[in-house]
1. Could you tell me whether Tyr192 is among the aromatic types (Phe, Trp, Tyr), within 30 Å of Lys145 (Cβ to Cβ) and within 16 Å of the ligand (Cβ to nearest atom)?
2. Test Asn561 against the criterion of being assigned to a strand (DSSP E or B), over 14 Å from Leu641 (Cβ atoms) and either within 60 Å of the chain's Cα centre (by Cα) or not assigned by TED's automatic domain parsing to the domain that holds Val651 (or both), and give yes or no.
3. Of the residues Glu576, Glu592, which single one is out of contact with any Leu (no Cβ under 6 Å at 6 or more places or on another chain) and loosely packed, with under 13 Cβ neighbours inside 10 Å?
4. If a residue counts only when it is at pLDDT below 90 and over 30 Å from Leu370 (Cα atoms), which strands (runs of 3 or more DSSP E) contained entirely in the stretch 152-268 have at least 3 such residues?
5. Quick one: Lys70 ticks every box in (1) open to solvent by less than 40 Å² (accessible area, probe 1.4 Å); (2) modelled with pLDDT of 95 or more; (3) more than 16 Å from the ligand (Cβ to nearest atom) bar one, so which box is it?
6. Of the conditions (1) surrounded by 12 or more Cβ atoms within 10 Å (Cβ to Cβ); (2) more than 29 Å from Thr60 (Cβ to Cβ), Tyr265 fails just one. Which one is it?
7. Among the residues of the stretch 393-421, write down those that are under 26 Å from the mean Cα position of the chain (by Cα) and charged (D, E, K, R).
8. Might you check whether a residue that is at pLDDT below 75 and either out of contact with any Gly (no Cβ under 7 Å at 6 or more places or on another chain) or surrounded by 13 or more Cβ atoms within 10 Å (Cβ to Cβ) (or both) occurs anywhere in the stretch 23-41?
Amino acid sequence: MQTGKIGVTTENIFPIIKKFLYSDHEIFLRELISNAVDATQKLKTMASVGDYKGDVGETTIQVFVDKEKKTITVSDKGIGMTKEELDKYLNQIAFSSANDFLDKYKDQSNSIIGHFGLGFYSSFMVSEKVEVFSQSYQEGSQAVKWSCDGSPEFTLDDIEKDSRGTDVILYIDEESKDFLEESKIEQLLKKYCKFLPVEIAFGKEKEWKDGKMVETGKDKLINNTKPAWTQKPADLTDEDYKKFYHELYPASEEPLFNIHLNVDYPFKLTGILYFPKIKSNIEIHRNKIQLYCNQVFVTDSVEGIVPEFLTLLHGVIDSPDIPLNVSRSYLQSDSNVKKISSHITKKVADRLSDIFKNNREEFEKKWDNLKLFIEYGMITEEKFYEKAAKFALFKNTDDKYFTFEDYENLIKDNQTDRKKSLIYLYSTNKTDQFTYIEKARNKGYDVLLMDGQLDVHLISHLESKLKDSRFVRVDSDVVDKLIHKEDPKASKLSERQQEDLKSVFSIKVKSKEMYNVVMESMDETDTPVIITQSEFMRRMKEMSQTGGGMNFYGELPDSYNLVVNPNHNLIISISEELQNEKSSELAASNAEINKIKEEIDFIEKEHKKMKEDEISQVEKDDLDKMRSELGVAESSRKDILEAYGSGNKKVKQLIDLALLSNNLLKGEDLSTFVKRSVELL
Ligand code: ADP
């Protein structure tokens with residue numbers, strides 16, 4: 001028997017290993033099985049080139065749990081280790097690499113992600129003692145046993161072992177006894193080893209016999225040794241891809257389509273990404289992309305490795321070139337990772353572009369489910385935008401699809417305003433905005449449907465991208481003003497009459513919305529009163545709701561314009577009735593206001609001729625007094641007009657009709673409207 005001391009200065013490294021990797025103890029199993037897989041594959045390679053002349057035989061890696069003895073055993077039939085190799089690999093190299101690892105990362109233990117490189121020694125995170133029994137493939141070599149109880153002391157003995165390969169036995173410590181549950185080990189094997197290239201067996205298959213489940217004696221295999229991503233695309237059918245999808249995510253809806261990634265240079269990467277159906281909620285990335293390293297599962301949080309919009313995809317990425325034992329922030333600045341990320345972005349864009357070019361019909365059919373993903377990419381990744389702008393689609397309110405270019409050509413002639421801006425009209429809700437859409441259509445305009453979760457952000461993005469273009473929601477103004485083609489129409493009412501009507505129509509509505517009355521000269525056949533909402537304000541509010549960082553706007557109540565058309569006969573008649581019924585009161589207030597105004601005008605003109613310091617305080621005070629008198633006179637005129645308006649059924653009926661066609665008439669206001677309508681009939 002040989003005894004020795006593992007060659008490092010640290011007195012006892014194992015407590016450190018436990019402490020630093022506390023949260024991720026479970027990776028010990030992944031490490032041991034990876035070693036077993038490597039040893040098996042090395043043997044197969046040697047056999048294939050003739051360096052091993054013996055019989056390779058069956059090579060399944062066996063995992064056993066013995067709850068009573070408190071052991072976990074990983075047993076392989078790989079190349080094994082000779083006494084010298086065991087001494088070299090486990091005592092010197094492995095130990096010092098574990099030590100280096102801890103030295104390097106002890107300041108950022110929280111951000112270590114993969115913990116690769118710790119290898120064999122991670123077994124001490126869960127064990128009080130570890131034994132290794134190994135028989136090298138080399139002819140005539142002596143089988144050996146290595147044993148270590150967690151102190152730097154180890155023993156190395158000659159033993160009898162009847163088969164080639166290595167058994168690693170972990171004596172699980174008290175704190176880690178959860179790992180002695182079969183279900184726990186099975187869960188870990190399924191998580192990390194599901195796609196390893198060498199068969200792994202754990203327990204026995206069970207079958208239903210005589211009314212109960214019984215073991216069959218057949219090994220239960222954990223893994224699929226040839227997952228789809230490791231095969232050639234030419235050898236795979238659509239069905240194979242779908243089958244693999246369900247292997248990754250059992251009980252998931254069928255994906256839309258997939259991309260098979262296969263890169264050799266300047267880095268190695270393989271994988272399959274799937275486009276899921278994303279209908280509305282952007283938070284749904286339940287099925288996360290899984291990252292593998294040579295078929296060993298590493299993580300399913302790929303943020304930082306792929307651009308954020310790609311995290312909406314599903315599938316696997318396998319690359320031995322992604323540095324795994326480093327922090328996230330380091331990862332993001334790693335040049336390989338950057339290359340991988342932009343490569344995947346490009347591949348995804350190319351694939352979409354191919355489908356678009358080769359099967360436009362199919363692409364259109366799937367557009368509604370793809371849209372969120374593509375828009376997210378266009379808004380957040382410049383490179384993706386450049387490609388996607390050629391295949392992204394607009395859908396109009398007739399459910400027709402257009403490329404950006406086709407759509408521009410469609411609307412160019414009829415929707416360019418007098419300042420040469422191209423106006424894209426859009427609706428966010430076909431039912432609510434029905435009347436506006438109808439009006440725009442009657443004018444020969446086309447209206448887009450922009451009802452997606454990211455559309456408001458996309459619109460802003462497109463406005464910064466498309467030259468001389470603006471997006472205007474159909475209900476943001478009266479139809480004649482959506483696209484200003486000519487100079488405004490003349491009004492049939494005077495300035496004064498229009499001012500008065502503004503007050504007449506400024507009735508308080510019992511709701512949290514704010515209404516601002518504006519006079520807008522339109523055709524006499526146009527609607528007398530209509531509600532519009534300012535494009536700018538509404539968009540700011542919407543952006544703040546979907547996280548555009550504009551909280552200030554989000555706090556404001558919804559504000560609308562109540563647009564009155566002074567050229568409509570009903571409005572003209574209301575104005576005439578007002579002038580008749582209130583003639584003396586209005587004339588009196590007119591006279592008063594005019595008189596004060598004249599006086600103010602006169603004084604202001606005088607003051608203009610003087611220097612600031614020549615005007616006495618008394619004179620200044622007088623002017624202020626007159627101005628406040630004017631204010632009082634004007635507001636009492638307003639009171640007369642508002643009182644007139646609120647007593648006028650026609651006015652109220654017109655406002656309610658406008659609110660009604662905008663879905664804004666609710667509750668008590670709505671029932672009052674119905675009653676009034678009956679009365680008027
Ligand atoms: P790594 O696997 O990263 O090289 P480890 O500490 O896990 O580091 O292992 C150190 C070395 O020990 C391996 O490179 C390998 O040569 C040897 N080794 C470990 N486990 C086995 C095994 N089951 N069969 C044969 N050799 C092994």
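1. Considered against the rule, which asks whether it is among the aromatic types (Phe, Trp, Tyr), within 30 Å of Lys145 (Cβ to Cβ) and within 16 Å of the ligand (Cβ to nearest atom), Tyr192 comes out as yes.
2. Yes, satisfied.
3. Selected residue: Glu576, the only one of Glu576, Glu592 that is out of contact with any Leu (no Cβ under 6 Å at 6 or more places or on another chain) and loosely packed, with under 13 Cβ neighbours inside 10 Å.
4. 200-209, 212-221
5. For Lys70, the failing item is (1).
6. Here Tyr265 meets the rest and fails (1).
7. Lys395, Asp399
8. There is at least one residue in the stretch 23-41 that is at pLDDT below 75 and either out of contact with any Gly (no Cβ under 7 Å at 6 or more places or on another chain) or surrounded by 13 or more Cβ atoms within 10 Å (Cβ to Cβ) (or both).
The values are calculated or read from the model by the stated rules, or taken from the named source; none is laboratory data. What you see is a predicted model; the values in this text were computed from it and never measured. Note: ideal-geometry Cβ built from the backbone for every residue, glycine included; neighbour counts use all protein chains shown. Just the protein is used for accessible areas: all its heavy atoms, side chains included, with ligands, DNA and RNA removed. Shrake-Rupley method; radii C 1.70, N 1.55, O 1.52, S 1.80 Å.
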